[in-house]
Amino acid sequence: MPYSPVAKAARGAGLLFTGVFTGFLVAVLVLERSLRGFDRHVYTQVRQVELDALDKLAVVTLLPALIITGLLVASTFRQGRRTSWWMLTALTLLVGVLALTLVINMPINADQLDWSVQAPPADWASVRDRWQIAHSVRTSAAVLAFGALIADATRTSHGPQQETPASPPDELPAAPEDSALRQRTGR
């Protein structure tokens, strides 16, 4: 059953928001990995700059991605159609990203906003490590969710795949009526 234009647009929007969110997480992961070679003062200052606006970008990309994917899954169920495993996997991974963000990353972010650049807490490195591990896990989950949405879109965008029947191996295809072979043999 083909998707309606609204469903196609929603799938496109879901892919867009998930892709932007995933790219954002990958960029932050690269930045965080590069910060590991710097001292506590540099790390604290960069984290406070990150926290100035990057949390807003995460919210305005993750929430629409999650909502659109959830609505597409719910709509498919409501219509009595089977939801693809790709779409369900993406939704599950995005919910996991949100849960991990709420349980680990956001509380650490809130604490880091109060850190002094001149005197970060003594346990700054262990807090950093916990945040970075959780961020690595959620980034991996977001990449997998984005991949699942791409797989779902490419799987269903062409409709059901139909195989062409193979010719029996002992028969050759017939030559056209006006072919040189038919003219020579008279058949």
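Some notes on this structure:
- Length released on extending from Ala119 to Ser75, taking residue separation times 0.36 nm less the Cα-Cα span: 10.6 nm
- Most to least packed among 70-76, 123-129 [average Cβ atoms within 10 Å]: 70-76, 123-129
- Taking 7 Å steps out from each Cα toward its Cβ at Trp85 and Met106 produces label points 3.2 nm apart.
- Compactness of region 1-116, taken as the C-alpha radius of gyration over 2.2 N^0.38 Å, stands at 1.32.
- Each residue of region 84-98 was assigned a 3J(HN,Hα) from its phi angle through the Karplus curve 6.51 cos²θ - 1.76 cosθ + 1.60 (θ = phi - 60°); the sequence is 5, 5, 4, 5, 5, 5, 4, 4, 4, 5, 5, 5, x, 4, 4 Hz, with glycine and proline shown as x.
Readers should treat all values here as calculations from the given coordinates under stated rules, not as data from a laboratory. Computed from a prediction, not measured in an experiment: that's the story for all the values here. Cβ: placed from backbone, ideal geometry, glycine included. Neighbour counts: every protein chain shown.
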